[in-house]
Ligand SMILES: Nc1ncnc2c1ncn2[C@@H]1O[C@H](COP(=O)(O)OP(=O)(O)OP(=O)(O)O)[C@@H](O)[C@H]1O
Ligand SMILES: [Mg+2]
């Protein structure tokens, strides 16, 4: 997912979810607490002074279409309250929740019902399945509520069950299923209504680590296909950096930091976030672009063959990357191949070997094997196939070495 939407901070799209100054206070003094806020309302003090719980403290953020937005924080930090407010399962104390430019806090009961049926679906931590119904009826539940007739809803539910790997389990009771399978049913149920936005509140936290990782990967595959907007809650940073395009870190009801996994790992805003990020390997979140070497041995395809051979001899680097006059990568040639060609053949007529470039947002860890398999630097390109840098063996090795050093000193 990180490869499709890397820097949504500067996304040209309009946000699909825009939360503005959202407060939720459990207790009888909501209005007074919100109105007297001076930007320093403190959860502990409010509890002492009023006996009320500040679950959301002036929370604002935007989520963009197709993005996986992760909300992370310790137990009690306000994550569930936040997603529940997005569906109005909990009524906020004040603020705005704009979804597709509509403030859903202004919806009447009918509009709200329609909104929940069509636009947003939720996958819960403890599955929330109907125990006396079989798998397919659980998966089809959202459609049943919408009044879709049986044949059609079974057809759609079946398709979703296949997608989440539950083919053959349609008639089983959910109580006969393992936790991982029950969560697949929960996911299929949310997907059958084809919502634009999927809310997932710690959906994998009840599962054992192996299944959990597997579900995470499957969700990533599914997301690549379905391109939903996902708000995903977790208290696991490892999970957050793997699936999140951006991560909001919550503490005591506030968002204390919001950024890409790379931002958060490389630039934790305070000791609290640093503590979270301590055990995460930087090579899992840093992009190759961040360690790219300057371009060298790059030639336009109208360069003379002898000039390239000369450059190889001068530098001792027996490879060349060939680009067109827009700097788009055309291919690669090594010394042996270029020397083997006849003198009068132009570079344009030569068979350049196709070297698979890597996109600049690819994380370092994902290019290690490629680097090991390849004696030359790997070309790095942007969305337009423009050559922007090279990933050398040295740079990758150094990234791992620095990371190891950093983890020792933490
Ligand atoms: N119905 C409620 N009444 C009173 N306080 C509540 C209620 N629901 C939540 N809270 C409080 O609001 C705060 C935020 O709770 P919330 O459930 O949103 O946290 P969370 O981040 O989801 O935690 P967890 O990781 O344990 O699920 C907590 O201090 C909690 O005690
Ligand atoms: Mg929770």
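The values are calculated or read from the model by the stated rules, or taken from the named source; none is laboratory data. Worth saying up front: this structure is predicted, and the values here are computed from it rather than measured. Positions of Cβ are backbone-derived with ideal geometry, glycine not excepted, and every protein chain shown enters the neighbour counts.
Considering segment 373-393, the residues that are touching a residue at least 12 places away in the same chain (Cβ under 8 Å) and surrounded by fewer than 14 Cβ atoms within 10 Å (Cβ to Cβ) include one that is nearest to the chain's Cα centre (by Cα), namely 383. For segment 162-179, check the following and say yes or no: at least one residue is outside any loop (DSSP other than H, G, I, E, B) and either assigned by TED's automatic domain parsing to the domain that holds residue 103 or closer than 27 Å to residue 65 by Cβ (or both). Yes, there is a match, as at least one residue in segment 162-179 is outside any loop (DSSP other than H, G, I, E, B) and either assigned by TED's automatic domain parsing to the domain that holds residue 103 or closer than 27 Å to residue 65 by Cβ (or both).
When the strands (runs of 3 or more DSSP E) confined to segment 203-313 are screened for residues that are touching a strand residue (DSSP E or B) at 6+ places or on another chain (Cβ under 8 Å), in contact (Cβ under 8 Å) with a residue 24 or more places away in the chain and not assigned by TED's automatic domain parsing to the domain that holds residue 360, those reaching at least 1 such residues are found at 229-234, 246-251, 254-259.
Find the helices (runs of 4 or more DSSP H) located wholly in segment 44-146 whose residues include 3 or more that are within 16 Å of ligand 1 (Cβ to nearest atom) and either free of Cβ contacts under 8 Å to residues at least 60 places away in the same chain or farther than 18 Å from residue 30 by Cα (or both), and list them. Steps first, answer last, please.
Numbers: elements: 79-86, 109-118, 135-139, 141-145.
Qualifying helices (runs of 4 or more DSSP H): 79-86.
Candidates are the residues of segment 351-361 that are in a loop (DSSP other than H, G, I, E, B) and touching a residue at least 24 places away in the same chain (Cβ under 8 Å); the one that is surrounded by the fewest Cβ atoms within 10 Å (Cβ to Cβ) is 355.
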